[in-house]
1. So Leu100 fits all but one of (1) touching a helix residue (DSSP H, G or I) at 6+ places or on another chain (Cβ under 9 Å); (2) surrounded by 14 or more Cβ atoms within 10 Å (Cβ to Cβ); (3) closer than 18 Å to Val2 by Cβ; what number is the exception?
2. Quick one: is Ala74 open to solvent by less than 60 Å² (accessible area, probe 1.4 Å), out of contact with any Lys or Arg (no Cβ under 7 Å at 6 or more places or on another chain) and among the aliphatic types (A, V, I, L, M)?
3. Restricting the first residue to the range 46-65 and requiring it to be within 13 Å of Glu88 (Cβ to Cβ) and open to solvent by less than 20 Å² (accessible area, probe 1.4 Å), which pairs with a second residue that is hydroxyl-bearing (Ser, Thr, Tyr) and not in a loop (DSSP other than H, G, I, E, B) meet a Cβ separation below 7 Å and a spacing of at least six or different chains?
4. Is it fair to say Asn35 is over 13 Å from the mean Cα position of the chain (by Cα), of a type outside the set (D, E, K, R) and surrounded by 14 or more Cβ atoms within 10 Å (Cβ to Cβ)?
Amino acid sequence: QVQLVESGGGLVQPGGSLRLACAASGNIFRSYAVNWYRQAPGKQREWVSGITVSGTTNYAESVKGRFTISRDNAKNTVYLQMNSLRPEDTAIYYCKGVTLGDSRWGQGTQVTVSP
């Protein structure tokens, strides 16, 4: 079974950058599309970005031009490079892997953008 573990969160000042990683156990990760979601306090979880098995990427309007999603199948890892961070990007970030007949969530990583 595939398990997902996020890392890379932390505290950063506005305008700064962070790179999140979603690492998967198991060598079938390349068959999973991966999406990043985030949930801010008191708000619903929202979709941020996704990457398909073939590498096609999509972004929410709120992060387009600032965030970049990528995958390294050799390392079983999907990355979310976040630049020009804003206080409203503060949230717990989760990755979700999806394939035919299965979906997996990671445990989340906290991102805090504050002066």
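1. Going through (1) touching a helix residue (DSSP H, G or I) at 6+ places or on another chain (Cβ under 9 Å); (2) surrounded by 14 or more Cβ atoms within 10 Å (Cβ to Cβ); (3) closer than 18 Å to Val2 by Cβ one by one, Leu100 breaks only (2).
2. In short, no.
3. Val48/Tyr37; Ala60/Ser49; Val63/Ser49
4. The answer is no for Asn35.
The values are calculated or read from the model by the stated rules, or taken from the named source; none is laboratory data. Just so you know, these numbers come straight off a predicted model, no measurement behind them. Cβ sites come from the backbone with ideal geometry, for glycine too, and all protein chains shown count toward neighbours. Note: areas computed on protein heavy atoms with side chains; ligands, DNA, RNA excluded. Shrake-Rupley method; radii C 1.70, N 1.55, O 1.52, S 1.80 Å.
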